[in-house]
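A short write-up of the structure that comes next.
Throughout, read-outs are computed from the coordinates displayed, never taken from laboratory work. Note that this is a predicted model, so its numbers are computed, not measured. When we count neighbours, we look across all protein chains shown, and the Cβ atoms used for this are built from the backbone with ideal geometry, even at glycine.
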Amino acid sequence: MDSTSPVNLLKRSPHDDKAHVLHPALEPGAKHWVPSRYNIRASAQDGRLIIWNTLRGSMSVFKAEQAETVISMLSQKGFEAPQRDLVKYLVERGILIQRGVNEYRQVQLIYGQQQFRPDVLQLILLASEDCNFRCQYCYEKFEHGTMHPLVRTGIKRMVEKRLPQLRNLHIEWFGGEPLYGLSAIEDIAPWVRDMAEKHGVRYSSAMTTNGYLLTPDVADKLLSWRLNHFQVTLDGPAEHHNQSRPARDGSETFQTIFNNLKSLAKRKDDFSVLLRVNFAPGNHEDVPRLMDQVRQELGTDSRFRFHFHPVGRWGGANDANVEVCGSSGFDISAQLKAEANERGLQVETLRGLNLPGAQVCYAARPYNLIIGATGKVMKCTVVLDTDERNIVGQIQPSGEMTLDPDKMGLWTEPAFESDNQCKKCIMLPNCQGISCPLVRMQTGESPCVPTRRYAKRQMLETLKYVDNGKVKQVPAMTR
Ligand code: SF4
Ligand code: SF4
């Protein structure tokens, strides 16, 4: 024992006799607040203010009478105030931050947390690389049919080995036309559903299909295998669709698809269908007729949602003859959304796309792999095996997967770290500079998402179509 100290230093700290000084972050006093560098704000015609903080992914709507106060709190010089009431709310939404906080570091942290996930596995399985359609703009080669049985065995063995470490498993069926390879889906999908359940792994499954073979008996099977999210393309009303998306024998496809959708709409099951409409200069004016037909025959069922997409030259043999909309694509898409909304139909908005990492391409995530019908492992669903850089490995019937680390690195690198435009960009938390690694590889340029240019318009659209006039209540201002 120290002879000068009244306490036994081996048993008790002398600091315990002093009043505690809390860490500054826990002190209740005033702090200096400044606006986040990741705020995007837009004002609606009725005076409401909407602020999207891309780092938190929060979207906050303020009543007209609060807008001026909120804007006054967002000046760059900042202000001193205790963290309560409106200040507390703005801090919780990420709109205000304490002076000196390095938000870029937080983006790096979020990127790391989202990118390196040994507990997540997402597989895009090409059940068939062939297709029963021959769409005008298609970029695929149709060189292989249904997924080989040995490849299916390899997938099952690989998934079985990974399951004990997984928390999330997602299987996406793609092609060609995946339902052209139904026997591969029948082999794998119910097995994966059962195994995920057995291991307590969160499981989801989706399919991009042309819808021609999505008959009621096939839908019965798919839904029972928990494969319940579909993307189906309808290129406008029947005459346009039949021209741009004919069957491989040249016959019409619209009515068969539409009948399948009508049968789906009659079901009680929990599913979603994204109705993709590829529009081109020659067809967008007729798309509202398709909306009328959907409304009349499918109703305003919220399980069906429209997505309007300008046709592009996507690398197919027919590219030179494909007419594209160019820079007017966004305006046309906005106009089509307004038309759909007027008819009470659901449209895609920023909702769901507002979260950090939401606009990152799956090819950029190390846990996402495409497995082709012959066992090739790939990353990008557009170039598939036409670009050597995209063939990152091969799956063996044993379930072993040999991945080329150089190629995997090429697709999954944190490209924003060496891109000065990305480092300064307000969209960085959302797109992480990797919304399309292919564009970056092919052009050396930042693959900017349209939201970078059109964020305010998209925010106002979201306010109009989703919130339906409702304003979130925020605390009264008492500063
Ligand atoms: S890398 Fe680009 S082209 Fe390929 S799947 Fe991703 S977004 Fe599409
Ligand atoms: S790719 Fe474009 S939109 Fe995305 S972070 Fe970089 S500069 Fe911004």
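Which of Lys31, Lys221 comes first, and how do the rest follow, when ranked by fewest Cβ neighbours within 10 Å? Before the final figure, lay out each step's value.
Numbers: Lys31 19, Lys221 14.
Least crowded to most crowded, the residues run Lys221, Lys31.
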Too long at a 18 Å Cα-Cα cut-off: which of Lys88/Lys423; Lys31/Lys423; Lys379/Lys424; Lys156/Lys376; Lys63/Lys464; Lys161/Lys221? Lys88/Lys423; Lys31/Lys423; Lys379/Lys424; Lys161/Lys221
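Considering Cα pairs under 8 angstrom that are at least six residues apart, work out the relative contact order of the chain and quote it in whole percent. The partial results should precede the final answer.
Values: 849 pairs, mean separation 85.2, N = 479.
About 18 percent, as a whole number.
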Going by C-beta contacts inside 10 Å, put Val61, Val159 in order with the fewest on the left. Val61, Val159
Amide H of His309: which non-local residues (sequence gap of 5 or more, or other chain) have their own amide H closer than 5 Å, using H built in the peptide plane? Val277, Asn278, Phe279
Only Cα pairs under 8 Å and at least 6 apart count here; give the relative contact order of the stretch 22-101 as a rounded whole percent. 40 percent
13 Å beta-carbon shell around Arg99, net charge (K/R +1, D/E -1): +1
Fewest Cβ neighbours within 10 Å first, please rank His240, His170 accordingly. His170, His240
